[in-house]
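Presented below is the structure to which this report refers.
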Amino acid sequence: MIPVYRAADVERAVSPHEAYDAVRHAFMAYARGEWAMPPKVYVTNYPAGDFRAMPAIGGGHALLKWVTSFPGNPARGLPTVTGLVVLSDADDGRLLAVLDAAAVTALRTAAAGVLAADTLCRPEASSYAVVGCGVNGAEAVRMLIAHGARPIVWDVDEARRRFVADQLGAQVAASAAEALACEVVLTVTPGSEVLYPTGSLEPGQHVSLMGADGPGKAEVALEELGRAHLFCDDWEQAGSKGIGEVGLAAAAGVITRQDVTELGQVLIGEADGRRSAGDITLFDSSGLAIQDLAIAKLAYSKRDELELQTIRL
């Protein structure tokens, strides 16, 4: 019998602190060559949205995530992200578990954004914001609060930003400008509109750009990348495949591979992070299957503690 993890099961199995530690381990294992992951494959139906196939292997397990991103769905009363994560035994190929992809994605996205912020922001930074209060943004707020930060939140939808603030104990920003001016910002929007126009980033600021996870999306003007110290989750996926800000900037000739550092290399001590107090640091997240693998492995390890539905194939 194969256990099935609904969204609530994933949330019960994996706490914010556990997700953070698991994703950190995944970044480091990937940077050391212990885990492997080809770039995600996009099957597009633009402008409606896209489907993504994301495989990874490491730590005795293999994973495939089949997931969607349809930004217009909330207006239809439908979720932006849906799909399944399939976890298998890497040694004999047995199917071990099926998990809700949206819940896994929210946890690993929040963990990656907060991990990058912790790694790259100024040690004395004290003001935090999350811009975008959808499912992934709300999880980012929860992750920050679990780590002792008290972020302000902003979303173009007033009801959504107030709901997230009330539910999680955050404060609603007075304006988008107030949120975007914080010392540490996590942007978790659909990536269809630029939040930081040319010249808007402040010295010493860190921004984890979590929303522009597909071709043509960007949350910051490409000209701003020339002013910043750039980091990404994986160059092969983000940079060479044209995903998000780093990919767009590379395709436009604004930056080259030498301008971008992978976060995992910083975590294992093979690359520098922030260079000075005035350094502007940007982390471009394209979303990695190794992050999903980390969450799925952890959830699977808790299977005997949960009352899970099962299926027989």
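The values are calculated or read from the model by the stated rules, or taken from the named source; none is laboratory data. Predicted model only: the values in this text are computed from it and were never measured. Note that each Cβ is placed from the backbone with ideal geometry, even for glycine, and that neighbours are counted across all protein chains shown.
Tabulated results
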{"item": "Test: residue in the stretch 89-108 that is closer than 21 Å to residue 281 by Cβ and modelled with pLDDT of 95 or more", "result": "yes"}
{"item": "Check on residue 189, of a type in the set (S, T, N, Q), free of Cβ contacts under 8 Å to residues at least 60 places away in the same chain and buried (at least 22 other Cβ atoms within 10 Å of the Cβ)", "result": "yes"}
{"item": "Search result, residues across the stretch 184-229 that are within 19 Å of the chain's Cα centre (by Cα) and of a type in the set (Val, Ile, Thr)", "result": "184, 185, 187, 188, 189, 194, 207, 220"}
{"item": "Of all residues in the stretch 110-150 being assigned to a loop (DSSP other than H, G, I, E, B) and of a type in the set (Ser, Thr, Tyr), the one that is nearest to residue 167 (Cα to Cα)", "result": "127"}
{"item": "Residue selected from the stretch 208-226 under the condition of a type in the set (A, V, I, L, M, F, W, C) and not in a helix (DSSP H, G or I), by the criterion nearest to residue 68 (Cα to Cα)", "result": "212"}
{"item": "Flag if residue 245 is acidic (Asp, Glu) and either buried (at least 20 other Cβ atoms within 10 Å of the Cβ) or closer than 23 Å to residue 114 by Cα (or both)", "result": "yes"}
{"item": "Failed criterion for residue 224 (all others in (1) closer than 20 Å to residue 39 by Cβ; (2) surrounded by fewer than 23 Cβ atoms within 10 Å (Cβ to Cβ); (3) in contact with a helix residue (DSSP H, G or I) (Cβ under 9 Å, 6 or more places away or on another chain) hold)", "result": "(1)"}
{"item": "Check on residue 247, under 20 Å from residue 40 (Cβ atoms), at pLDDT below 95 and either assigned to a loop (DSSP other than H, G, I, E, B) or not assigned by TED's automatic domain parsing to the domain that holds residue 189 (or both)", "result": "no"}
{"item": "Flag if residue 58 is in the same structural domain as residue 294 (by TED's automatic domain parsing), among the small types (Gly, Ala, Ser), within 20 Å of residue 19 (Cα to Cα) and in contact with a Phe, Trp or Tyr (Cβ under 8 Å, 6 or more places away or on another chain)", "result": "yes"}
{"item": "Which numbered condition residue 104 fails, given (1) free of Cβ contacts under 8 Å to residues at least 60 places away in the same chain; (2) within 16 Å of the chain's Cα centre (by Cα)", "result": "(1)"}
{"item": "Those residues of the stretch 148-178 which are surrounded by 15 or more Cβ atoms within 10 Å (Cβ to Cβ) and under 22 Å from residue 274 (Cα atoms), in sequence order", "result": "149, 151"}
{"item": "Strands (runs of 3 or more DSSP E) completely within the stretch 1-109 that count 3 or more residues being over 26 Å from residue 303 (Cβ atoms)", "result": "41-45, 49-58"}
{"item": "Selected residue (criterion: surrounded by the most Cβ atoms within 10 Å (Cβ to Cβ)) from residues of the stretch 265-313 that are of a type in the set (Val, Ile, Thr), in contact with a helix residue (DSSP H, G or I) (Cβ under 7 Å, 6 or more places away or on another chain) and not in a loop (DSSP other than H, G, I, E, B)", "result": "295"}
